[in-house]
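Asks: Have a look at this one before I ask anything.
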Amino acid sequence: MNRLSLEQVLKDNNTRDPNSISSLKLNHKALSDVSCLTEFKNLERLDLSFNNLTSLELPPDAPGYAF
């Protein structure tokens, strides 16, 4: 199980504020848990293609994502 961590995403994007990130490319990372994405309130674009996800739960107040 590969879990996405908030700390790693922030480090990879050179920021300490998850709200400063509006786009994430997380394709081909063998991810099976992306629950930390609920911390990214300004996320507009998200690429999770080619991972090991079986479900995806988004917060009810999430902006309109296109799948």
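The values are calculated or read from the model by the stated rules, or taken from the named source; none is laboratory data. The structure presented is a predicted model; accordingly, all values stated were derived computationally and were not measured. As a convention, Cβ positions derive from the backbone with ideal geometry for all residues, glycine included, and neighbour counts pool all protein chains shown.
Asks: Condition check: of a type outside the set (Gly, Ala, Ser), assigned to a loop (DSSP other than H, G, I, E, B), in contact with an Asp or Glu (Cβ under 8 Å, 6 or more places away or on another chain) and modelled with pLDDT under 90. Does Pro63 satisfy that?
Replies: yes
Asks: Here's something else I'd like to know. Taking the conditions exactly as written (at pLDDT 95 or above, surrounded by 12 or more Cβ atoms within 10 Å (Cβ to Cβ) and assigned to a helix (DSSP H, G or I)), does Leu10 satisfy them or not?
Replies: yes
Asks: Being in contact (Cβ under 8 Å) with a residue 24 or more places away in the chain and within 16 Å of Leu53 (Cα to Cα) is the filter here; which residues of region 1-30 pass it?
Replies: Within region 1-30, Met1, Asn2, Arg3, Leu4, Ser5, Leu26, Asn27, Lys29, Ala30 qualify.
Asks: Another question, if that's okay. When you go through Glu57, Glu44 one by one, which is the residue that is at pLDDT below 95 and exposed (fewer than 11 other Cβ atoms within 10 Å of the Cβ)?
Replies: It is Glu57.
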